[in-house]
Amino acid sequence: MTIYFAPLEGVTDVIYRRTHASCFSGVDKYFIPFVSPTHHLVFTPKEKRAVSPAENTGFNAVPQILSKNAEQFIWAAKELHALGYQEVNLNLGCPSGTVTSKGKGSGMLRDLDTLRSFLDEIFMHTPVNISLKTRIGFSDIAEWSQIWDILSQYPASEVIIHPRTRQQFYKGSPFHDAYAHALQTSSQPLVYNGDLFTIDDCRALTERYPQTSALMLGRGLLSYPTLAQELKGGAKLTRETLRDFHDRLYNAYLQNDPKNVALIRMRVVMNHLACCFTEPGKALKTIRKAQNDNAYLQAIQQLFEEYDMCETPRYYGPDELNF
Ligand SMILES: Cc1cc2nc3c(=O)[nH]c(=O)nc-3n(C[C@H](O)[C@H](O)[C@H](O)COP(=O)(O)O)c2cc1C
């Protein structure tokens, strides 16, 4: 089973990716959260660092581009190719209002003529493999068959399908029939993404759709960092390996950022890692309230010492954990 780590803007930054890859195995590609080129045709310092090969060593990384402008996409793809990347991923899924209002991300699924012209241009002039990551519509799943008619015409190296509409954000169930429709008619390798939180979820998906070429895991892998490793028969998560991952991540953020910023980053990470414990709600509240290094480490110590770990990967949704 081929497993990809989904791009998660604000969480799977370069420090996270490096630390995860140095602690755990099983991830075949780490997708880098999007860079968003502008007419200035320069990457910001943050983007430069995010895609720097020197920062992304020890694992396979794939950069992602968020753009509706073919010239800017091609410029970014060429820059990334010059850095050594053999694949760039086009974001057709981001649901954020600030992105879709500019016609980018899943906003591109609203105007199919423009989408077609954009894809014509980029597939003609990009010197590197292009993979696509898409939702199945903007407001309605009925849009999918027309969208898929277009996407399936291009020589994408892979198409990653998150079978929800933009309207759904991350709510409701993924619409598996839309994925099945694509599988029936696809000549491109298809990757499934969406709500795979446990080993059973992943196995059920690949048993139901054996033509699936890879699974992309997002929140499930954030919440249980050995999900990919365990799927491939590797070691189960233990209190010690989880603590080691936490400590390495926290120390790396402390070396990189001011203390208060490191704490903010760790709170985001802990919102997910708390899923490794049974009923972690109270401990998580204390972690979230911690205003300094000491209080934070005390709360972490309490979580690791006093709470039972889950036997197998599980995911508490935002409602349960109140993220
Ligand atoms: C906080 C957050 C940030 C995300 N950032 C990106 C991104 O930069 N690019 C992208 O294509 N998808 C992004 N996504 C979507 C995920 O890659 C993934 O498609 C989504 O979480 C569904 O997969 P999951 O159910 O396995 O989590 C983001 C999702 C979340 C929750």
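The values are calculated or read from the model by the stated rules, or taken from the named source; none is laboratory data. In this text the structure is predicted, and so the values were computed from the model without any measurement. Every residue, glycine among them, receives a Cβ derived from its backbone with ideal geometry; neighbour counts consider all protein chains shown. Each accessible area value is taken on the protein alone, full model and side chains, heavy atoms only, with ligands, DNA and RNA left out. Shrake-Rupley method; radii C 1.70, N 1.55, O 1.52, S 1.80 Å.
For the chain, the residue among GLY10, THR226, LEU112 whose Cα projects farthest onto the positive side of the dipole built from Cβ charges is GLY10. For PHE277, nonlocal amide neighbours, meaning residues 5 or more places apart or on other chains whose placed amide H falls under 5 Å from its own, are CYS310.
Taking every C-alpha pair closer than 8 Å and separated by at least 6 residues, the mean separation divided by the residue count of the stretch 239-306 gives a relative contact order of 30 percent.
Expressed as a fraction of 2.2 N^0.38 Å, the C-alpha radius of gyration for the stretch 191-274 is 1.29. Rounded to the nearest 0.05, what FRET efficiency do SER22 and ARG116 give with R0 = 35 Å and r taken as the Cβ-Cβ distance? Could you check? With R0 = 35 Å, the Cβ-Cβ based efficiency is 0.25. Of the accessible area of the stretch 143-266, computed with a 1.4 Å probe over protein heavy atoms only, carbon and sulfur atoms account for 50 percent. Taking each residue as 0.36 nm, the span from SER157 to ASP244 lengthens on full extension beyond its C-alpha to C-alpha distance by 27.7 nm.
Rounded to the nearest 20 debye, the dipole size of the stretch 2-83 about its Cα centre is 60 debye, using +1 on the Cβ of Lys and Arg and -1 on the Cβ of Asp and Glu. Prolate is the label for the chain. Its Cα gyration tensor axes, ordered a ≥ b ≥ c, give a/c of at least 1.5 and a/b above b/c. Using C-alpha pairs below 8 Å separated by at least 6 residues, the relative contact order for the chain is 16 percent. The residue list HIS20, ASN292, LEU237 was ranked by how far each Cα lies along the charge dipole of the chain toward its positive end, using unit charges on Cβ atoms, and ASN292 comes out on top. Of all aspartates and glutamates in the structure, the ones whose alpha carbon falls short of 19 Å from that of LYS285, not counting any fewer than 8 places away in one chain, are ASP293, GLU305, GLU306, ASP308, ASP319, GLU320.
Please report the orientation-averaged projected area of the stretch 1-117, defined via the convex hull of its C-alpha atoms, in nm².
Taking the Cα atoms of the stretch 1-117, their convex hull projects to 7.9 nm² on average.
What does the convex hull of the Cα atoms of the stretch 32-194 come to per residue, in Å³, rounded to a whole number?
Taking only Cα atoms, the stretch 32-194 has a hull volume of 113 Å³ per residue.
Stretched out straight at 0.36 nm per residue, the stretch from THR57 to LYS232 would grow longer than its current Cα-Cα span by 60.8 nm. Dividing the radius of gyration of the alpha carbons in the stretch 239-306 by their Kirkwood radius gives 0.93 for Rg/Rh. Zone of ARG314 (label point 7 Å along Cα→Cβ, backbone N under 18 Å): which residues in the stretch 239-281? 239, 271-281, by backbone N distance to the label point. Taking the convex hull of the alpha carbon positions in the stretch 1-59 and averaging its projected area over all directions gives 4.4 nm². Note that the chain presents 44 Å² accessible area per residue, ligands and nucleic acids not counted, probe 1.4 Å.
Where both partners of a DSSP beta bridge lie in the chain, what percent of those bridges are antiparallel, to the nearest 5? About 5 percent, rounded to the nearest 5.
Rounded to the nearest 20 debye, the dipole magnitude of the chain is 660 debye, with +1 charges on Lys and Arg beta carbons, -1 on Asp and Glu beta carbons, and the Cα centre as origin. Out of TYR16, TYR250, TYR307, any idea which swings most in a Gaussian network model of the chain, alpha carbons joined below 10 Å? Maximum among the listed residues: TYR307.
Given a Förster distance of 22 Å, report the FRET efficiency between ASP149 and GLU71 from their Cβ-Cβ distance, rounded to the nearest 0.05.
Step by step, r from the Cβ atoms, then E = 0.30.
With respect to the chain, whose longest principal axis is taken over its alpha-carbon atoms, helix 112-125 is tilted by about 90°.
Can you give me the % of accessible surface on the stretch 58-132 that is carbon or sulfur? Probe 1.4 Å, all protein chains present, nothing else counted.
47 percent
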